[in-house]
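Accompanying notes for the structure given below.
The values are calculated or read from the model by the stated rules, or taken from the named source; none is laboratory data. None of these values were measured; they are calculated from a predicted model. Please note: Cβ atoms are built from the backbone with ideal geometry, for glycine as well, and neighbour counts cover all protein chains shown. The accessibility values were calculated without ligands, DNA or RNA, using every heavy atom of the protein model including side chains. Shrake-Rupley method; radii C 1.70, N 1.55, O 1.52, S 1.80 Å.
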Protein chains: 2
Amino acid sequence: MLHCLRKYAQNGVMTSSPSLPVDGFGKTLLDYPRPSVAVDTALLTVHDGGLKVLLVPHPGAGLGWALPGTFVRPGERLADAVLRSLREKAGVSGRDPQQLHVFDEPGRDERGWVLSVAHVDVVPFGELPAGVKLISVTEFAGARVAQVRELPYDHAQIIDYAVAQVRSQYLSAPDPGGLLTPPFTLKELRELHEAVRGESLQRDTFRRAMEPQLVATGEISDGTKGRPAALFMPY
Amino acid sequence: MLHCLRKYAQNGVMTSSPSLPVDGFGKTLLDYPRPSVAVDTALLTVHDGGLKVLLVPHPGAGLGWALPGTFVRPGERLADAVLRSLREKAGVSGRDPQQLHVFDEPGRDERGWVLSVAHVDVVPFGELPAGVKLISVTEFAGARVAQVRELPYDHAQIIDYAVAQVRSQYLSAPDPGGLLTPPFTLKELRELHEAVRGESLQRDTFRRAMEPQLVATGEISDGTKGRPAALFMPY
DNA sequence: TTGCTTTAGCACAGAAATGCGCAAACAAAC
DNA sequence: GTTTGTTTGCGCATTTCTGTGCTAAAGCAA
């Protein structure tokens, strides 16, 4: 079979050239079929007492919204691709994307062989640009909100993984996602946890779990109705 | 730039041909640089009261052992690639590989741009072929056993992820990895948990946690010295 | 039949966790 | 200044969990 050497002059990516290591068959990695690798991200935030996910317009036919995503570029870390896609698709600055799962169903994308590395990131609502599209991930009577079910590809599953992971992280740590601006009150922290976990929490039980992991600033909240609350920061 | 259409006649993989969808730039997915995607697997088993990981000979220079791995083939699920690599590299039948993490450091492999999707699988020691290489993952006084530290690439980290995930699964469920052949005694189950978790467990506390999740078969163990133990199966 | 070993089960004490009611400490209203 | 409403902090009782020691049960071996 006649082979053409194909070269790229972009991002210093290595090409099929005499300098690449060859294997026992005299071939380099570029001689084998390879998938396209994409990242898709469930960007979660807390607003109006609930957990919300960000959607962007989906250019594909028929469906209007999707999770932000992009193909990974040579030399780019997956997390950096996530951050780039959040900037480019939603004008949002992501923070610390965490991997969730690789979706690898061979026919998942009609354009060809595509793997998607699903991620989750969390951003405080106040850091989101005005006008971004957020939908609730809260379940009502066990039924998914229609808009989550209608998302393309495996995006509904990605949201499930994301919610599960963030909820797991908020089981015992005060604010692992940094959604509150320190200093904050215990009530603010508890309300955040109730929004994330989707359930109400007993005030005293919550306080005993969190206080050992917080630093009391010695100050109290002001301008609030009722007894002023002590202010805390994370360790 | 002159392009040659490159065709493959292997495994029905799609090629850069007129039939592939093109994007807004008139290009298909194959026109963009793509990584090689590999899977690496920490295959864990329990033997001699401890958690062990399987190693295979590493063909690379300098180091002798590594976790089994392979490049993913077109149309192949990641889990199937894991199972294939365990068969081909170690003669082992894997069971239910679980994804751990994607290792994506651009320079992690001198052959080129390679992503590795790390997996964990567990197999009962009795199902492993004779002569496979197992090393302990147990830490002694907080120090990693030398052989784990010396593994190539990010394999030591993969083992860490794998151990953490399996230990997490065995925190509250009887035998999520199916390492015991039913029926089994509570002592056998407890010893499995002690091997996985790397700590001793209080007999009654353990029994209270497990019994509600087990079905008593009504039979007892035979051929044992002392009072025969009740036999259980998982729900 | 007796002795030994192992397992099962439970009572109990102590530790840990939970939830509630009340006093304290504020702001707002009068 | 007093009263009302709200929120916080904490003491207390209750509940749950854990680990220990003990004894009975149930086998095998002698």
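Per q in 0.10, 0.12, 0.16, 0.19 Å⁻¹, report the Debye log10 I(q)/I(0) for segment A:113-235, using one uniform scatterer on each alpha carbon and no solvent.
Each listed q corresponds, in turn, to -0.41, -0.57, -0.91, -1.15.
Which value, in square angstrom to the nearest 100, describes the accessible area buried between chains A and B on both sides, using a 1.4 angstrom probe?
Accessible area lost upon association: around 3600 Å².
Across 5 Å bins from 0, what is the distribution of all Cα-Cα pair distances for segment B:157-197, in whole percents?
In order of increasing distance, the bins hold 5, 23, 33, 20, 11, 5, 2 percent.
Provide the three semi-axes, in whole Å and in decreasing order, of the ellipsoid equivalent to segment A:186-234 as defined by the square roots of 5 times the Cα gyration tensor eigenvalues.
Those come to 19, 14, 9 Å.
Expressed as a whole percentage, what fraction of the accessible surface of the protein assembly as shown belongs to carbon and sulfur atoms when a 1.4 Å probe is rolled over the protein heavy atoms?
After summing per-atom areas, the C and S share lands at 53 percent.
Send over a whole-number figure in Å² for the accessible area per residue of segment B:186-234, probe 1.4 Å.
67 Å²
To the nearest 0.05, what FRET efficiency results for residue A:217 and residue B:168 with a Förster distance of 51 Å applied to their C-beta separation?
Result of the calculation: an efficiency of 0.90.
Work out how far the C-alpha atoms of chain B reach from end to end along every principal axis, then list the three figures in whole Å, largest first.
Cα spread of chain B along its principal axes, largest to smallest: 81, 39, 31 Å.
How charged is the neighbourhood of residue A:121? Take every other residue with its Cβ under 9 Å from the Cβ of residue A:121, and add Lys/Arg as +1 and Asp/Glu as -1.
Result for the local shell: 0.
How many lysine pairs are close in the protein assembly as shown, with Cα atoms under 17 Å apart and the two 8 or more places apart or on different chains?
10
Give me the inter-chain shielding for A:77-86: mean count of other chain Cβ atoms within 10 Å, whole number please.
For this peptide, the per-residue mean of nearby foreign Cβ atoms is 1.
Return the whole-Å distance between the Cα centroid of segment A:30-106 and the Cα centroid of segment B:77-128.
That distance is 24 Å.
For segment B:36-169, go through all pairs of different Cα atoms, get the mean of 1/r, take its inverse, and jot down that Kirkwood value in Å.
14.9 Å
Just want to confirm a number: the relative contact order over segment A:186-234, from Cα pairs under 8 angstrom separated by 6+ residues, in percent.
Result for segment A:186-234 is 34 percent.
What order do you get for B:84-93, B:21-30 when each peptide is scored by the mean count of other beta carbon atoms within 10 Å, highest first?
Top of the packing list down: B:84-93, B:21-30.
Take the alpha-carbon positions of the protein assembly as shown, form their convex hull, and give its projected area averaged over all directions (one quarter of the hull surface) in nm².
Result: 29.7 nm².
Give me the percent of DSSP beta bridges within segment B:36-169 that run antiparallel, rounded to the nearest 5.
Around 70 percent of the beta bridges assigned by DSSP in segment B:36-169 are antiparallel ones.
Taking only C-alpha pairs under 8 Å that are 6+ residues apart, what is the relative contact order of chain B in percent?
18 percent
Please give the average number of partner chain Cβ atoms lying within 10 Å of the Cβ of each residue in A:107-115, rounded to a whole number.
Averaged over the peptide's residues, the number is 5.
From Cα pairs below 8 angstrom and at least 6 apart in sequence, can you work out the relative contact order of segment B:127-235, rounded to a whole percent?
Relative contact order, segment B:127-235: 22 percent.
Which value at 222 nm does chain A reach when only helices count, each DSSP H run of 4 or more adding -39,500 (n - 2.57), with the total divided by all residues and rounded to the nearest 500 deg cm²/dmol?
Mean residue ellipticity, 222 nm, calculated: -6500 deg cm²/dmol.
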